[in-house]
1. When residues of the stretch 305-338 are filtered for being out of contact with any helix residue (DSSP H, G or I) (no Cβ under 8 Å at 6 or more places or on another chain) and at pLDDT below 95, how many remain?
2. How about the stretch 248-279: which of its residues are without any contact (Cβ under 8 Å) to a residue 60 or more places away in the chain and closer than 23 Å to residue 443 by Cβ?
3. Quick one: which of 121, 152, 184, 202 is under 23 Å from residue 420 (Cα atoms) and over 13 Å from the mean Cα position of the chain (by Cα)?
4. For the stretch 280-304, name all the residues that are without any contact (Cβ under 8 Å) to a residue 40 or more places away in the chain, in contact with a helix residue (DSSP H, G or I) (Cβ under 9 Å, 6 or more places away or on another chain) and assigned to a helix (DSSP H, G or I).
5. For the stretch 243-270, how many residues are buried (at least 17 other Cβ atoms within 10 Å of the Cβ) and over 19 Å from residue 448 (Cα atoms)?
6. Can you pull out every residue in the stretch 1-37 that is in a helix (DSSP H, G or I) and without any contact (Cβ under 8 Å) to a residue 40 or more places away in the chain?
7. Restricting the search to the stretch 311-341, which residues are more than 20 Å from residue 134 (Cβ to Cβ) and either surrounded by 14 or more Cβ atoms within 10 Å (Cβ to Cβ) or in contact (Cβ under 8 Å) with a residue 40 or more places away in the chain (or both)?
8. Which of (1) within 19 Å of the chain's Cα centre (by Cα); (2) closer than 20 Å to residue 178 by Cβ; (3) in a helix (DSSP H, G or I) does residue 425 not meet, given it meets every other one?
């Protein structure tokens, strides 16, 4: 019989609703799991034990009184520490913001609470979320549950490690350059970068008014061990919110498509090398989709390398305008990575350069949209290499360049506002590390991405949660 902390969020919600488990039991089981395994991982950086237990008591009382309950009633969840929670600091992993207490919840936290979920802990991230390796100058290094010497990914690495090891059944992260999917890949869990605008994005720290790159490319989203939980989380989070003027109301399910759905398969993306073991997992995932009734074909979206390059110039050009403000807050390794990552990316010199970049983005988006009219889904690696050793990304220019190269499959979705789901599809025998694949879809077809991810999970999924490898 499974331990309570091993159960997925949807099953926990069902058992609580049927009174087969109490919310108090569920919260206590996850708090005990945090105590047991977090010292080895450093994924959780703030435990909300008293608040969570009090909320669980109220959740059980509400159920006993026969009141209406939400889809995640009594289920604990975790929150990355760059997402606002009322009365707590939004630290972004740096000392300068360690006391940056905010007055109200971010819209995504607000909606999780409204669905009945109970925040149980805050999770780690790299300095200012500007790294794909989770090592915070405030909270320290997060370790990968599958391999203590390899990265948990970033920037939502604490969240992914907590989920993979059973400290939480569902959590919240965000993604401007793969930060929901990078750590999902490294830690063997599922996530989705929702379509632009589907989930509201708003916060007080470091500022309410967001940079252009953040407005265009950042999203909030759910992370969990199972695709069904990611789907439920997305349905809870989505919809327009007044604090995000660009958020939208859109149905979760799009129009019916002619079946079978066609999937473009890109096992070795252009612009760099791909580990043969990773490419083999993508091909296995393609076969899993074929077995599930999809039509798959090897095909690369047009202007793939242009999309990657445009994302790099947009994010670095925009963040370059605030680096003088950010750099005093960030640790040496974080700045070394950022400076090396920026090496070779030409600065955006003036308004004309910005205008040309936006025109380029529009052309790439049009080319992809035309391509995906016939192939609504794209299957690719999440990373083209296995998760790297701690510090590899910041130790040298070569390490930063290799990191930039290995993460290239995640960034077209950010540039173009597309939904993109990560699901584990295999493991590397030598290291034991999980390998995830990416399903990227037409804008607002998050439903198709998750449907395909679930088909892969059903045939190739890996068992989680796990006890951390020490």
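1. Residues flagged as out of contact with any helix residue (DSSP H, G or I) (no Cβ under 8 Å at 6 or more places or on another chain) and at pLDDT below 95 within the stretch 305-338 amount to 4.
2. Across the stretch 248-279, the qualifying residues are 248, 249, 251, 255, 256, 258, 259, 260, 270.
3. Details: 121 fails: under 23 Å from residue 420 (Cα atoms); 152 fails: over 13 Å from the mean Cα position of the chain (by Cα); 184 fails: over 13 Å from the mean Cα position of the chain (by Cα).
On inspection, the qualifying residue turns out to be 202.
4. Hit for the stretch 280-304 is 287, nothing else.
5. Here the count works out to 5.
6. 4, 11, 14, 15, 24, 25, 28, 29, 32, 35, 36
7. Taking the stretch 311-341 first, the residues more than 20 Å from residue 134 (Cβ to Cβ) are 311-314, 316-318, 320-325, 328.
311, 312, 313, 314, 316, 317, 318, 320, 321, 322, 323, 328 - these are the residues of the stretch 311-341 that are more than 20 Å from residue 134 (Cβ to Cβ) and either surrounded by 14 or more Cβ atoms within 10 Å (Cβ to Cβ) or in contact (Cβ under 8 Å) with a residue 40 or more places away in the chain (or both).
8. Just one mismatch for residue 425, condition (3).
The values are calculated or read from the model by the stated rules, or taken from the named source; none is laboratory data. Not measured: the values here are computed from a predicted model. As a convention, Cβ positions derive from the backbone with ideal geometry for all residues, glycine included, and neighbour counts pool all protein chains shown.
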